[in-house]
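Encoded as C-alpha cells, the structure appears first; notes follow it.
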Amino acid sequence: MKVWFALLALFALTGARDPILVPEVSQHEVDLQQGFTGTELLLFGAVLTPEGSRAAQDYDIIVVLKGPTQSVVLREKQKVAGIWINAASTELRSAPSYYAIASSRPIADIVDDKTAAIYELGLRWLQLSPIGAIDPDEQARFSSGLVDLNRRNGLYREQERGVTVKEQVLYQARIELPSRVPTGMYTAETFAVSKGRVVASASSQVEVRKLGIERAIANFAENYGFAYGLLAVFVSVAMGWLAGRLFALI
C-alpha cells in the first residue's frame with residue numbers, strides 16, 4: 001500500500017511539472033476565391049502550468065501545420081534516344097498535401113532523431129510509406145524528390161527560429177499558405193519540449209475551402225467527372241473556332 005501511494009504521489013508530482021498548451025489560430029476558415037494570392041496564418045497561444053500560472057522554466061515550442069494526406073504516384077523521367085520517357089515509378093500511401101513546421105530553435109538542437117521521427121518533426125522525418133515492396137535507396141530517392149518538388153511549389157516549408165516565445169508564456173508563429181494551397185481540413189499541432197522530451201501537445205483545425213464559382217466548378221468536376229470532361233472539350237473547341245473566325249475577319 002505504501003508503494004502504491006508513493007507511485008501516486010510521484011505521478012502527481014511529475015504531472016504537475018508538465019505545462020499546458022492553450023493554442024489558437026488567427027483563422028479557422030480560409031476561403032479560396034477568384035484572385036486569391038495566398039494568405040498568412042498566425043498560430044499563437046500560451047504555455048501555462050496546470051494551475052494556470054506562468055511556467056517556471058523555458059520551453060522550446062514547435063508548431064506544425066499539416067494538410068490532408070493523400071496517396072501520390074511518383075514517376076521518374078529518363079532520356080532515351082533524345083526523348084524523355086517515364087521510367088521507374090512508385091506510389092506513396094499517405095503524403096501530406098501541405099506541411100509547414102516552425103520552431104523556436106533548429107529541430108536538431110531541440111530533440112534527437114528518434115523523437116523527431118516519432119512526431120514527424122521536419123521534412124526529413126515525414127512518414128512517406130510506399131505501397132508495396134521497394135528498394136530502400138529507391139524509396140529515399142522518390143521521397144526526397146517529392147519533398148523537393150513541394151518545397152519549390154511552396155507547399156512544404158521549414159522555419160528554424162520561426163517561433164517567438166515571450167516571457168515564458170506567449171508564443172507565436174507565422175505560416176504562409178500559397179495561392180495553390182490544396183483544400184481540406186488542416187491540423188495545427190503545437191509541441192512544448194523540455195530537455196529533448198515532448199512534455200505537452202495540443203492541436204486545432206483550419207478548414208481551407210473554395211467559395212463562389214471556383215467551388216461550383218470543383219463540385220461539378222468531382223461529382224460529374226465525365227460531363228465535366230465533355231464540357232471542357234466543347235469549350236476548347238468552341239474557343240478555337242471563335243478565335244479562327246475572328247482572325248478570318250481581320
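The values are calculated or read from the model by the stated rules, or taken from the named source; none is laboratory data. Remember, predicted model here, so these are calculated numbers, not experimental data. As a convention, Cβ positions derive from the backbone with ideal geometry for all residues, glycine included, and neighbour counts pool all protein chains shown. Note: accessible area is taken over every heavy atom of the protein model, side chains too, but ligands, DNA and RNA are not part of it. Shrake-Rupley method; radii C 1.70, N 1.55, O 1.52, S 1.80 Å.
Looking at Leu65, Leu92, just one residue is within 28 Å of Leu48 (Cβ to Cβ), touching a residue at least 40 places away in the same chain (Cβ under 8 Å) and buried (at least 21 other Cβ atoms within 10 Å of the Cβ), and that residue is Leu65. Screening the range 139-169 for residues that are of a type in the set (Ser, Thr, Tyr) and closer than 12 Å to Ala95 by Cβ and picking the one that is modelled with the lowest pLDDT gives Ser143. Pairing residues of the range 113-135 that are touching a residue at least 12 places away in the same chain (Cβ under 8 Å) with residues that are in a loop (DSSP other than H, G, I, E, B) and surrounded by fewer than 16 Cβ atoms within 10 Å (Cβ to Cβ), at Cβ distances under 9 Å and at least 6 apart in sequence or on separate chains, gives Thr115/Gly196; Glu120/Gln127.
Somewhere in the range 189-209, is a residue farther than 30 Å from Thr115 by Cβ and either surrounded by 15 or more Cβ atoms within 10 Å (Cβ to Cβ) or modelled with pLDDT under 95 (or both)? For the range 189-209, residues farther than 30 Å from Thr115 by Cβ and either surrounded by 15 or more Cβ atoms within 10 Å (Cβ to Cβ) or modelled with pLDDT under 95 (or both): present. Residue count for the range 16-55 under the criterion of being under 23 Å from Val206 (Cβ atoms), in a loop (DSSP other than H, G, I, E, B) and among the β-branched types (Val, Ile, Thr): the result is 1. Flag: Ser97 matches the condition of being of a type in the set (Ser, Thr, Tyr), in contact with a Gly (Cβ under 7 Å, 6 or more places away or on another chain) and in contact (Cβ under 8 Å) with a residue 60 or more places away in the chain. For the range 170-186, taking the residues that are of a type in the set (Ser, Thr, Tyr) and open to solvent by 50 Å² or more (accessible area, probe 1.4 Å), the one that is modelled with the lowest pLDDT is identified as Ser179. Among the residues of the range 111-138, the one identified as open to solvent by 80 Å² or more (accessible area, probe 1.4 Å), closer than 16 Å to Ser194 by Cβ and in a loop (DSSP other than H, G, I, E, B) is Asp112.
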